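Report on one structure; see the data block that follows.
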Amino acid sequence: MNDQIINNLREYYDHDAPRRDTDTYADWKREERQRFLELLQLFSYHTDEYVRQVVQRYFEIVSFKVIPFGWEHKTHFQSMILRRKEAG
């Protein structure tokens, strides 16, 4: 079931790519997006709470899950479902 959901999301995302590629964005939005992408690169060194705080500046967090992996689950990654916030 999860595989079907993921496939549906990918199909929709891919289907909408041509429109997204031609969209124009205000300067503030491009700057905020770049700042957010730079912060994403640092997440692997931060606590889950810090990640939440940063992401909440830009998105509504619909779901935030911690998924353990690695030797004896001493490491983990975060899975997030996000909804964009409106400008303002």
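The values are calculated or read from the model by the stated rules, or taken from the named source; none is laboratory data. These figures come from a predicted structure and were not determined experimentally. All Cβ positions, even for glycine, are placed from backbone atoms using ideal geometry, and neighbour counts span all protein chains on display.
Points to keep in mind about this one:
- Looking across region 14-61, just one residue is surrounded by fewer than 10 Cβ atoms within 10 Å (Cβ to Cβ), at pLDDT 85 or above and either within 16 Å of Leu82 (Cα to Cα) or among the basic types (Lys, Arg) (or both), and that is Glu49.
- Inter-residue pairs, beta-carbon under 8 Å, first under 27 Å from Val51 (Cβ atoms) and in region 16-39, second of a type in the set (A, V, I, L, M) and not in a helix (DSSP H, G or I), 6+ apart: Ala26/Ala87; Trp28/Ala87; Lys29/Ala87
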